[in-house]
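Visitor: Once you've had a glance at the structure underneath, I'll fire off some questions.
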Amino acid sequence: MITRTLLLPTLLCTSLSAYSLDTLNGCIDFEESDKKTAVYFANDILTDPDDADDMAIRMRIAYKTQFESLHENSTYDFLKAYNYSDGALTDITQAIQQEMDEEEADGVSGYQIYQLISSGLNHDAIRAVLEVYITPSSLAIFTDDFIESLGSSMTQATVESIADRLIVKSQHVSLYEADLLSGKRVIILPHSQGNLFTNDAVASVKSRQPDRAGSIDYFGVANPAALTVNNASYVTADDDRVISGLSLIEDVLPSNLDNAPAIVGDFRTISNHLFAEDYFDNRLASRGVIDTNLTRIATDTPFPIQIAGTGAIRASLSWGTEPDVDLHVYEPDRGHIFYSNKTGLYGTIDVDDRDGEGPENYTVACDNVAPGSYRIGVNYYDGLAPETAKVIVFLGDGRTITPREVFLEYPEGRFGNSHPSWLFDITVTSDRDGNAIYTVE
């Protein structure tokens, strides 16, 4: 028995819509150009999606007109590369703090305990340090068993944070890689922990797409990393209290800017670490550094050669190092589009890979999308070990659908062509003006 385990839930339709030859206006406010760039804001921990969207909007207001004047016939999209994890350090210290709160251990923070445990001190040494800061009644709570439980919490939080980081990395890699294949440069402005995710994702994309490695670049803000990919530039304020505190227990890049305001009174937050208030404000030296470096990247980064189409519906497949995973699509007329039947009534597979990693790409043009169901899946055709496939979907209404993953235990060869692992069911309907409306399951 061949097993397939979906890592993210997949909702399947029980029937396929009858096809129609009537096509719709599939792309709303679609703007095509010879030179395309996607600019992403990669957020810090504890940033909700709306705040990340807000920063992308601020960047668009600040840079779109200026950047589009740098190259003739160029367009820029400003988006978020969202990090939904609280992040390793925050997750760990919050887990420890919760246990201490339950025990009413007043006068000491989870962050301080994290420092003591991670430094390798024995239990007696930890208690000796705490004795300076807390009352005897609170100190009595820190028994050997309690300190052991805090250490266990730290270990578990670390494991969960690493898992979150791997998931976010996978999503960001899929996003950036799909952009490059469609001829878009990728520029990233990561803040704080967003730098860690960006380092991982950019290094992976450059390795997977060597022909396009020069078309992705980034500039880091409040960088807690120990290094950058290809020595990418960054800015960290000398008095950024979050990075300064982290430098006591971790190897981080040195600060490189005196960011104190030149006017009377410091209007920054107490942490001097937040993106909008403490780095992107026009009154701060850091804003000039960000502007200069993003302009440099926008000017100098080469545009990649486009090999993948874009349009009303686009599905991009990637996987690991096994030779061949195939993209499969059922269109509204029940046409089955895959490697041996690449062009259907509505869409086409314009990129087909057979030597590992992908990509494969299916596209429906803006003027060729019809009402009905577009069902998207994969088949593990050839390989020697289990594989994980990822599909990301782009729609003509401007939405990018978070990549979905499926674990494929065994290759099935051509026998798997008749029963792919389904990941998306996209239903297209029409509004009264003939514009496409997309529903994704």
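The values are calculated or read from the model by the stated rules, or taken from the named source; none is laboratory data. All values reported here derive from a predicted model rather than from experimental measurement. Neighbour counts run over all protein chains shown; Cβ positions are idealised from the backbone, glycine included.
Visitor: What about Leu130, is it surrounded by 18 or more Cβ atoms within 10 Å (Cβ to Cβ) and at pLDDT 80 or above?
Guide: Spelling it out, Leu130 is indeed surrounded by 18 or more Cβ atoms within 10 Å (Cβ to Cβ) and at pLDDT 80 or above.
Visitor: If you check every pair at least six apart or on different chains, which have Cβ atoms under 9 Å apart with a residue in the range 355-378 that is closer than 12 Å to Gly396 by Cβ first and a residue that is acidic (Asp, Glu) and at pLDDT below 95 second?
Guide: As it stands, the answer is Thr363/Asp350; Cys366/Glu32, since those pairs meet every condition given.
Visitor: Could you check how many residues of the range 294-329 are in contact with a strand residue (DSSP E or B) (Cβ under 9 Å, 6 or more places away or on another chain) and either under 22 Å from Tyr438 (Cα atoms) or not in a loop (DSSP other than H, G, I, E, B) (or both)?
Guide: Result for the range 294-329: 21.
Visitor: Specify the residue that is nearest to the chain's Cα centre (by Cα); the eligible residues are those in the range 212-231 that are in contact (Cβ under 8 Å) with a residue 12 or more places away in the chain and farther than 24 Å from Pro254 by Cβ.
Guide: Per the stated criteria, the residue is Ile216.
Visitor: Let me ask another. Across the range 354-398, which residue is farthest from Pro210 (Cα to Cα) among those that are hydroxyl-bearing (Ser, Thr, Tyr) and buried (at least 18 other Cβ atoms within 10 Å of the Cβ)?
Guide: Of the residues in the range 354-398, the ones hydroxyl-bearing (Ser, Thr, Tyr) are 362-363, 373-374, 380-381, 388.
Imposing the further condition that a residue be buried (at least 18 other Cβ atoms within 10 Å of the Cβ) reduces the set to 362-363, 373-374, 380-381.
Working: Tyr362: 22, Thr363: 24, Ser373: 36, Tyr374: 32, Tyr380: 24, Tyr381: 25 Å.
If we take residues in the range 354-398 being hydroxyl-bearing (Ser, Thr, Tyr) and buried (at least 18 other Cβ atoms within 10 Å of the Cβ), then Ser373 is farthest from Pro210 (Cα to Cα).
Visitor: Moving on. Within the range 251-288, track down each residue that is over 28 Å from the mean Cα position of the chain (by Cα), over 16 Å from Arg241 (Cβ atoms) and modelled with pLDDT of 95 or more.
Guide: Ala285
Visitor: Which one is modelled with the highest pLDDT among residues in the range 27-61 that are more than 27 Å from Ile307 (Cα to Cα) and touching an Asp or Glu at 6+ places or on another chain (Cβ under 8 Å)?
Guide: For the range 27-61, the residue satisfying everything is Asn43.
Visitor: Residue by residue through the range 241-268, note down the ones that are of a type in the set (Val, Ile, Thr), assigned to a loop (DSSP other than H, G, I, E, B) and surrounded by 10 or more Cβ atoms within 10 Å (Cβ to Cβ). Quick ask: steps written out before the conclusion?
Guide: Filtering the range 241-268 for residues of a type in the set (Val, Ile, Thr) gives 242-243, 249, 252, 263-264.
Now restrict to residues that are assigned to a loop (DSSP other than H, G, I, E, B): 249, 252, 263-264.
Listed by number, the residues that qualify are Ile249, Val252.
Visitor: When only residues in the range 276-319 that are of a type outside the set (A, V, I, L, M, F, W, C) and within 30 Å of Tyr380 (Cα to Cα) count, which is surrounded by the most Cβ atoms within 10 Å (Cβ to Cβ)?
Guide: Filtering first and then ranking leaves Ser316.
Visitor: Does Pro332 fit the bill of being surrounded by 16 or more Cβ atoms within 10 Å (Cβ to Cβ), at pLDDT 95 or above and assigned to a loop (DSSP other than H, G, I, E, B)?
Guide: Details: surrounded by 16 or more Cβ atoms within 10 Å (Cβ to Cβ): yes; at pLDDT 95 or above: yes; assigned to a loop (DSSP other than H, G, I, E, B): yes.
Against the criterion (surrounded by 16 or more Cβ atoms within 10 Å (Cβ to Cβ), at pLDDT 95 or above and assigned to a loop (DSSP other than H, G, I, E, B)), Pro332 qualifies.
Visitor: Are there any pairs with C-beta distances below 9 angstrom linking a residue in the range 144-155 that is under 17 Å from Ala125 (Cβ atoms) to a residue that is of a type in the set (S, T, N, Q) and in a helix (DSSP H, G or I), with the two at least 6 apart or on different chains, and if so which?
Guide: Filtered contacts from the range 144-155: Met154/Thr93; Met154/Ser118.
Here's the yes/no breakdown for (1) within 27 Å of the chain's Cα centre (by Cα); (2) under 27 Å from Asp77 (Cα atoms); (3) basic (Lys, Arg); (4) modelled with pLDDT of 95 or more:
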| position | (1), (2), (3), (4) |
| --- | --- |
| Asn341 | no, no, no, yes |
| Arg375 | yes, no, yes, yes |
| Thr388 | yes, no, no, no |
| Ile401 | yes, yes, no, no |
| Tyr410 | no, no, no, no |
| Trp422 | yes, no, no, yes |
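Visitor: Can you name every residue in the range 348-375 that is closer than 24 Å to Val173 by Cβ and of a type in the set (Gly, Ala, Ser)?
Guide: Gly356, Gly358
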